[in-house]
Amino acid sequence: MLDLRNVDRARLGNDGLDFASELNAHAAKLEAARDAVQARFASGTDAYLGWMALPQGDVLPEVLRIAERAQGRFDDVVVLGIGGSSLGGLTLVTALQHPYFNLLGRRSAARVHFVDNVDGDVITGLLEVLDPRRTLVNVISKSGTTTETMAAYLSCKAWLSGALGADYKDHIVATTDPEKGILRPLAQREGYETLPVPPTVGGRFSVFSAVGLLPAALGGIDVRALLNGAKRAHDVFAAPASDNDVLKLALVNHLFAERGRNINVFMPYSTRLRFLSDWFAQLWAESLGKHRRGDGERVGTTPVKAVGTTDQHSQVQLYREGPKDKIVTLVKVEQADRAATIPNAEPNEPEMSYLGHKPYQTLMNAELVATAHALAEAGQPNVTLTLPRVDAENLGFLMQLLMLQTAVNGELLNINAFDQPGVELGKVLTYALMGRPGFDERREELQKAGVE
Ligand code: PA5
């Protein structure tokens, strides 16, 4: 699954690693990092490792019940959430539904639309084209207070109640903390269906909680297969370092970061996986960009989201000839769902007909291999993760593997990978600027500093 040939010194000279000896030298440290994460999870002493065994309690049957009830009743689902409360579901739905699902005449599940920004044109534009009688809104916020999500909720509630009167209540499902925040009591008061975001699961690790599972199930995705794939990643994680792709990937990133390669380009060769790059960028940046425990040093590498082949025609120039400050992670898909072959529609044009009769996936993978090699030739280390195909099980596996890798990289960096104090401050200052009750002091501070 993990191809590390293009990090090796044999190919990259001094830009590469002698990976076999590095792995040997670091095996004990990597296994200790893995064991530390597992031990904290098992003992329940870490408040944020709940994502290692999702979904919790009776969430799966609840998700399936709500999805089943929605089937045939709703044509459209509007998911309101931001960051960790949106990107996991968006990744799943985009990757696993028919690529043009929303244009299909006959559909077996609902169209799922993600509202993850406060762009009034987009929110009102979406509501202009939907039918409130046939629309379900899933508002997702762990804290139950996030400005962007609450603003979108207010728009949707006004739209639904304006059109449906008291019946709007049956058109809203709230996914939020089981106890804290204002969304939980509000949902109970209103009588909305609710689902929990476990307190032990941070947003960017929540894809296999109700946060990602409900939008996926409403979109007709096989959530059981997703969860099976996620479980399979733990078998890999448990293996010795010499046979453990999670630990190897973590080591590659760690060693190159130590050598000044502080940009991590994530580039799936698949349009269907384009939002996996967004999801990964958040996971990586928010988990690992921190002050180190002890000396307070600022650590972390910067994720760059890319998609192949599209960004081959824009960013790869920089990766080959720009500063040697990057490590590139490519994702390859072995087999496409459709046996799509390029027709030989111009048999008399040799400059085109060489493509004729070849499967699209062969072309896609040739582009990936060519890029990986061209990068290696230029001294640009890169790794390739291969998925047999884009399906629920494989995607569940890959996403859980990347979360486990991130946790190990957090251990190696000696940081808490599961908090996000840098994001929280921005949220608080927005509340202050927008006049949320309880934030007057902050507002005054900002005014004094000339921030309006
Ligand atoms: O990963 C995170 O913690 C963040 O991206 C949050 O998910 C995001 O800020 C949304 O927060 P909430 O779910 O509380 O609305």
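The values are calculated or read from the model by the stated rules, or taken from the named source; none is laboratory data. All figures in this text were calculated on a predicted structure; none of them were measured in a lab. Cβ atoms come from the backbone with ideal geometry, glycine included; neighbour counts cover every protein chain shown.
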Item to check | Residue satisfying all of: in segment 209-223; small (Gly, Ala, Ser) and not in a helix (DSSP H, G or I); farthest from the ligand (Cβ to nearest atom) among these | outcome: GLY220
Checklist entry - Restricting to segment 198-221, what's the tally of residues that are surrounded by fewer than 24 Cβ atoms within 10 Å (Cβ to Cβ) and among the charged types (D, E, K, R)? => result 0
Checklist outcome for this item: Heads up, the helices (runs of 4 or more DSSP H) in segment 341-431 (entirely inside) with at least 2 residues that are free of Cβ contacts under 8 Å to residues at least 40 places away in the same chain are 350-353, 360-377
Checklist entry - Going by the structure shown, is PHE266 assigned to a strand (DSSP E or B), buried (at least 19 other Cβ atoms within 10 Å of the Cβ) and either more than 16 Å from the ligand (Cβ to nearest atom) or hydrophobic (A, V, I, L, M, F, W, C) (or both)? => result yes
Next on the checklist: Can you say whether ILE66 is under 30 Å from PRO268 (Cα atoms), in contact (Cβ under 8 Å) with a residue 24 or more places away in the chain and buried (at least 18 other Cβ atoms within 10 Å of the Cβ), as far as the supplied structure shows?
Outcome noted: no
Checklist entry - Which one is surrounded by the most Cβ atoms within 10 Å (Cβ to Cβ) among residues in segment 69-91 that are within 12 Å of the ligand (Cβ to nearest atom) and in a loop (DSSP other than H, G, I, E, B)? => result GLY81
Next on the checklist: Could you go through segment 93-100 and let me know if any residue there is under 21 Å from GLY220 (Cβ atoms), under 18 Å from the mean Cα position of the chain (by Cα) and within 16 Å of the ligand (Cβ to nearest atom).
Outcome noted: no
Checklist outcome for this item: Being away from the ligand (no atom under 16 Å from the Cβ) and either of a type in the set (Ser, Thr, Tyr) or surrounded by 21 or more Cβ atoms within 10 Å (Cβ to Cβ) (or both) narrows LEU195, LEU126, LEU183, LEU136 down to just LEU136
Checklist entry - Restricting to segment 281-333, what's the tally of residues that are within 16 Å of the ligand (Cβ to nearest atom) and farther than 14 Å from ASN409 by Cβ? => result 3
Item to check | Qualifying positions in segment 322-336 - in contact with a helix residue (DSSP H, G or I) (Cβ under 9 Å, 6 or more places away or on another chain) and of a type outside the set (Lys, Arg) | outcome: ILE327, VAL328, THR329, LEU330, VAL331, VAL333, GLU334, GLN335, ALA336
Next on the checklist: Please count how many residues of segment 404-431 are acidic (Asp, Glu) and over 17 Å from the mean Cα position of the chain (by Cα).
Outcome noted: 2
Checklist outcome for this item: Of the candidates GLU297, GLU349, the one satisfying the condition of being more than 22 Å from ASN416 (Cβ to Cβ) and modelled with pLDDT under 95 is GLU349
Item to check | Only listed residue being in a helix (DSSP H, G or I) and within 22 Å of the chain's Cα centre (by Cα), chosen from ALA285, ALA336 | outcome: ALA285
Checklist entry - Quick check: is even one residue across segment 390-408 within 15 Å of the ligand (Cβ to nearest atom), surrounded by fewer than 19 Cβ atoms within 10 Å (Cβ to Cβ) and of a type outside the set (Gly, Ala, Ser)? => result no
Checklist entry - Residue check, LEU226 against (1) closer than 26 Å to ALA20 by Cβ; (2) part of a helix (DSSP H, G or I); (3) not basic (Lys, Arg), all met but one. Which one? => result (1)
Checklist entry - over 30 Å from LEU398 (Cα atoms) and without any contact (Cβ under 8 Å) to a residue 12 or more places away in the chain - does that describe any residue in segment 129-149? => result yes
Checklist entry - Could you say whether any residue in segment 148-159 is on the phi < 0 side of the Ramachandran plot, surrounded by 20 or more Cβ atoms within 10 Å (Cβ to Cβ), more than 12 Å from the ligand (Cβ to nearest atom) and β-branched (Val, Ile, Thr)? => result no
Item to check | Number of positions in segment 198-208 that are outside any helix (DSSP H, G or I) and within 11 Å of the ligand (Cβ to nearest atom) | outcome: 4
Checklist entry - Of the numbered conditions (1) under 30 Å from TRP284 (Cβ atoms); (2) in contact (Cβ under 8 Å) with a residue 40 or more places away in the chain, VAL118 satisfies every one except a single condition; which is it? => result (2)
